[in-house]
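Trainee: Below you will find the structure I want to go over with you.
The values are calculated or read from the model by the stated rules, or taken from the named source; none is laboratory data. Note that the structure is predicted; figures quoted are calculated from it, not measured. Note: ideal-geometry Cβ built from the backbone for every residue, glycine included; neighbour counts use all protein chains shown.
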């Protein structure tokens, strides 16, 4: 239990040593990747917590509406299970359905219908929109990334798909703009403003076309 605390205390020192071990031209690019990764994954975690809060409050309200015992507990467990991609809604519905079975019929039927509606709204509206806004992807791109991650790597893939896709997209755009390149020495030939505006060389047209295609799918949700 105490292992993480020394690690947290030594993390800044380990980070400094890591950067000192890097070749000087790499440090700017690695620091840029680190900042973007922290931003994307931090936003993703905040989005997941918001989803858990929304689902927990909604399921708890449904439990209270139909007179189920312990509605606060029902909502809490639904919100916690929501943090598990894909199967969280299913796991969170087990307790309210079990409690509804002990109530007079057709309470269990009403509860089941409400839970199905909540799950559909979650999967097709809340998850793509909230996750997309949290990591900076279009809702459709976030949904496609989640489905692809689930297909390729199961639950772990579904959990990491959206932030990894968003990070890769950000880094590609930064590479397109030359933000990942090492700074040119002062007075270096070919480093003028005209070259920066042209995208940095002969590969600019192809890179610009690919970036334009990605921006249509990966633009920030509004």
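Trainee: Just checking, how many residues over segment 78-100 are closer than 30 Å to residue 164 by Cα and either surrounded by fewer than 20 Cβ atoms within 10 Å (Cβ to Cβ) or touching a strand residue (DSSP E or B) at 6+ places or on another chain (Cβ under 9 Å) (or both)?
Mentor: Counting residues in segment 78-100 that are closer than 30 Å to residue 164 by Cα and either surrounded by fewer than 20 Cβ atoms within 10 Å (Cβ to Cβ) or touching a strand residue (DSSP E or B) at 6+ places or on another chain (Cβ under 9 Å) (or both) gives 7.
Trainee: Looking at 20, 48, can you tell me which residue is in a helix (DSSP H, G or I) and crowded, with 18+ Cβ neighbours inside 10 Å?
Mentor: 48
Trainee: Within segment 153-174, can you find the residues that are surrounded by fewer than 18 Cβ atoms within 10 Å (Cβ to Cβ) and in contact (Cβ under 8 Å) with a residue 40 or more places away in the chain?
Mentor: 155, 172, 173, 174
Trainee: Just to be sure before I move on: is residue 161 assigned to a helix (DSSP H, G or I), at pLDDT 90 or above and over 29 Å from residue 72 (Cβ atoms) in the structure I sent?
Mentor: Against the criterion (assigned to a helix (DSSP H, G or I), at pLDDT 90 or above and over 29 Å from residue 72 (Cβ atoms)), residue 161 does not qualify.
Trainee: Follow-up question, since we're still on this one. Going by the conditions given, is residue 121 in a helix (DSSP H, G or I), more than 23 Å from residue 157 (Cα to Cα) and modelled with pLDDT of 90 or more?
Mentor: Considered against the rule, which asks whether it is in a helix (DSSP H, G or I), more than 23 Å from residue 157 (Cα to Cα) and modelled with pLDDT of 90 or more, residue 121 comes out as no.
Trainee: Considering only residues that are over 21 Å from residue 120 (Cβ atoms), in contact with a helix residue (DSSP H, G or I) (Cβ under 7 Å, 6 or more places away or on another chain) and not in a helix (DSSP H, G or I), which ones fall in segment 69-85?
Mentor: 69
Trainee: Which residues, counting only those in segment 130-158, are under 12 Å from the mean Cα position of the chain (by Cα), at pLDDT below 90 and closer than 24 Å to residue 75 by Cα?
Mentor: Within segment 130-158, 131, 134, 158 qualify.
Trainee: Can you go through 150, 137, 146 and tell me which one is touching a helix residue (DSSP H, G or I) at 6+ places or on another chain (Cβ under 7 Å), farther than 19 Å from residue 36 by Cβ and crowded, with 23+ Cβ neighbours inside 10 Å?
Mentor: Exactly one residue qualifies, and that residue is 146.
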